[in-house]
Structures are given as C-alpha cells and as structure tokens.
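Participant: The structure under discussion is supplied below as structure tokens; questions concerning it will follow.
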Amino acid sequence: MLVIVGVAAVALGASTTAGVAAVSRPVPAVAVSPAPGEAVGVAYPVTVSFAEPVADRGLAERGITFSAPTVPDGEFAWLDDATVRFTPAEYWPAHSTITVDAVGLKSSFQTGAVVLGVADIDAHTFTVSIDGEVAREMPASMGKSGFATPIGDFTALEKQSVVVMDSRTIGIPLDDPEGYKLTVYDAVRVTWGGVYVHGAPWSTGSQGYANVSHGCINLSPDNADWYYNNVSIGDPIVVQA
C-alpha cells in the first residue's frame, strides 16, 4: 500500500492590484534530484529546484509530496531562494520506488539495500551491515588528537576512485610537521569539509588499535575497496565514540 504525504500548493506571492482579491500563482518546479530512475542509498536527500524564487516557502514545502511503501518524516532546508532540500529523518524504504510530485512535476527514483557504515572511534572499527546483517567488521583508524573525526549521522556524498589529499586545503602548509600531500584510493566522501572513508596502507599497523588520521576513516586497501564497491551515494554513515 502506498502512503502519500503533502499537499500540492505553492505560491510566489499575491496580487497587489487594488480591489482585486489576492490570487496565488503556482511556481513550477524544473528539476528534482535524484534524477528519474536513479538508484541511490536510503538516506539520500531530495532536492527540488523551482523556476523562480519562492516567496512563501511553507506553501512550497507543502507542495512537495512523496509516494512510497512508507514515507519517513524529515526536514526541509532552503539552499537558495529557488531550491529546497528534503532530508529524511529516518531512511527511505529499501528496495523500493520513491515517487516525488513537486507541484505537478513527477519523478521516481530507486533505493537499494540499507548499507549502513558505523565508525566506532573508541573501538577503532568500521562495521558495515547490509539490510540489518553485519557484512564486514573492519579495523579502522580515525582522527587523532587535534584532528577529531566528527561524530554524528552522515551520508555517502560521493565516490572517487582516486583523490589527492593536500593539507594546504585545510590551512596546513606542506612543510608543517602535520603537512601532507597523498594520493588515496577508494575514497567515499563523508563531509564536504574533507572527511572520507578511504584506503590508507600507511596506517594499517594502527588500524584497530589507535587513531592516527587527520580526521578521515582509514581502512586497509582491501577493506576500502570492498566498501567502495558496496556503498551507494546516499547510504548512511554513522560516527560514534
């Protein structure tokens, strides 16, 4: 059974002509992300772009509806005057079709399995479960003192097979004792600030025992490759102490 939430009503504003009743006019949506037919992780946020700046954001939010086997609660956040993002508080149902109706613009995307990665800072592990079953528990190394890995709920933002990590991008000169410029492989971005899950052959001796990174979640090359090949953009990542 499908559950449908939301009310289709969006307004730019009201007429200011004297003696004429205020009339709302709809703002057409021009794009929805995920793209039609795209397969994403169960924590993927939905972004709607409108053709014009939206004056009444509350009405715009109520104009975005979802149809799915179950529809999670969530929060809207405006990225700019014409772009809003809905982030589910829980997960979209796995192995499902999610339909979005944004003021008449309809789009559907697919979800796969629930691939949940949990980084435990104190236990020095990164554990991945698939549809509730532990698939692999991996030794890991997280951020050392002064470079703590952020704690919280995240999603896999992008996957990059090769990334050059340069400490100058976070304000650390290369000639500083903490400076670095490294080529890393099988990198899954956790934050736009530069935290990744990635292969780190130089820290395998510390993985499972000590936190020695500059904030990233370090895995062995084999484990990083396995996670890279099993995770989808939008899959949840939890970092806990």
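Derivation of every value follows stated rules applied to the coordinates shown; laboratory data play no part. As the structure is a prediction and not an experimental result, all values here were calculated from the model. A quick note on method: Cβ atoms are made from the backbone with ideal geometry, for glycine too, and the neighbour counts reach across all protein chains shown.
Participant: Treating only the Cβ of Lys, Arg, Asp and Glu as charged (+1, +1, -1, -1), what charge dipole size does the chain show about its Cα centre? Round to the nearest 20 debye.
Facilitator: 460
Participant: Over the stretch 116-207, what is the mean sequence separation of C-alpha contacts under 8 Å (at least six apart), divided by residue count, expressed as relative contact order in percent?
Facilitator: Across the stretch 116-207, relative contact order equals 21 percent.
Participant: Can you give me the angle between helix 221-230 and the longest principal axis of the chain, using Cα atoms only, in degrees from 0 to 90, rounded to the nearest 10?
Facilitator: So the helix axis and the longest Cα principal axis differ by about 20 degrees.
Participant: Ranked from highest to lowest mean number of other Cβ atoms within 10 Å per residue, what is the order of the peptides 151-159, 37-45, 231-239?
Facilitator: The packing order, highest mean first, is 231-239, 37-45, 151-159.
Participant: Sticking with the crude label model, points 7 Å out along Cα→Cβ, report the distance from Val164 to Ser96 in nm, one decimal please.
Facilitator: 4.3
Participant: Follow-up question, since we're still on this one. By how many nm would the segment from Arg62 to Asn229 lengthen if fully extended, with 0.36 nm per residue of separation less the alpha-carbon distance?
Facilitator: Roughly 56.4 nm would be gained on extension.
Participant: When N is the residue count of the chain, what does its C-alpha Rg come to as a fraction of 2.2 N^0.38 Å?
Facilitator: My calculation over the Cα atoms of the chain gives 1.21.
Participant: Nearest 500 deg cm²/dmol is fine: what mean residue ellipticity at 222 nm does the chain get from its DSSP H runs of n ≥ 4 alone, each adding -39,500 (n - 2.57), divided by its residue count?
Facilitator: The helix-only estimate for the chain comes to -2000 deg cm²/dmol at 222 nm.
Participant: Counting only DSSP beta bridges with both residues in the stretch 29-111, what percent are antiparallel, rounded to the nearest 5?
Facilitator: 90
Participant: Let me ask another. HN-Hα J couplings of the stretch 104-109 from phi, Karplus 6.51/-1.76/1.60, θ = phi - 60°, integer Hz, Gly and Pro as x?
Facilitator: Karplus-based 3J(HN,Hα) across the stretch 104-109 equals x, 8, 9, 8, 10, 10 Hz.
Participant: What relative contact order, as a whole-number percentage, does the chain give when Cα pairs under 8 Å and 6 or more residues apart are counted?
Facilitator: Relative CO of the chain lands at 20 percent.
Participant: Write down the Å³ per residue value for the convex hull defined by the alpha carbon atoms of the stretch 138-214.
Facilitator: Dividing the Cα hull volume of the stretch 138-214 by its residues yields 104 Å³.
Participant: Once phi is turned into θ = phi - 60°, what whole-Hz ³J(HN,Hα) does the Karplus curve with 6.51, -1.76 and 1.60 give for every residue of the stretch 60-76, x standing for Gly and Pro?
Facilitator: Each residue's phi maps through the Karplus curve to give 4, 5, 6, x, 9, 10, 10, 10, 6, x, 9, 10, x, 5, x, 10, 9 Hz.
Participant: Given N residues in the stretch 29-111, what is its alpha carbon radius of gyration divided by 2.2 N^0.38 Å?
Facilitator: Against the empirical 2.2 N^0.38 Å value, I get 1.01 for the stretch 29-111.
Participant: Here is a follow-up. Run the numbers for Leu157 and Leu79: contour at 0.36 nm per residue of separation, minus the present Cα-Cα distance, in nm.
Facilitator: Full-extension gain reported as 26.5 nm.
Participant: Among Ala210, Pro236, Ala224, whose Cα lies farthest out toward the positive end of the dipole of the chain, if unit charges sit on the beta carbon of Lys, Arg (+1) and Asp, Glu (-1)?
Facilitator: Result: Pro236, furthest along the dipole toward the positive end.
Participant: Quick query: amide H of Ala135 versus all other amide H atoms, modeled in the peptide plane; which residues come in under 5 Å with a sequence gap of 5 or more or a different chain?
Facilitator: Sorted by chain and number, the residues that satisfy this are Val128, Ser129, Ile130.
Participant: Please turn the phi angles of the stretch 43-57 into ³J(HN,Hα) values with the Karplus equation 6.51 cos²θ - 1.76 cosθ + 1.60 (θ = phi - 60°), one per residue in order, whole Hz, x for glycine and proline.
Facilitator: 9, 5, x, 9, 10, 10, 10, 9, 6, 9, x, 9, 7, 9, 5
Participant: Once the Cα gyration tensor of the stretch 94-172 is found, what semi-axes does its equivalent ellipsoid get, as square roots of 5 times the eigenvalues, in whole Å, sorted largest first?
Facilitator: Equivalent ellipsoid semi-axes, largest first: 32, 21, 12 Å.
Participant: Further question on the same structure: From Cα pairs below 8 angstrom and at least 6 apart in sequence, can you work out the relative contact order of the stretch 139-185, rounded to a whole percent?
Facilitator: So the answer I get is 30 percent.
Participant: Roughly how many nanometres apart are two label points built 7 Å out from the Cα toward the Cβ at Lys144 and Asp120?
Facilitator: 2.4
Participant: In nm, to one decimal, how far is the Ala35 label point from the Ala89 one, both placed 7 Å along Cα→Cβ?
Facilitator: A separation of 3.3 nm, rounded to one decimal place.
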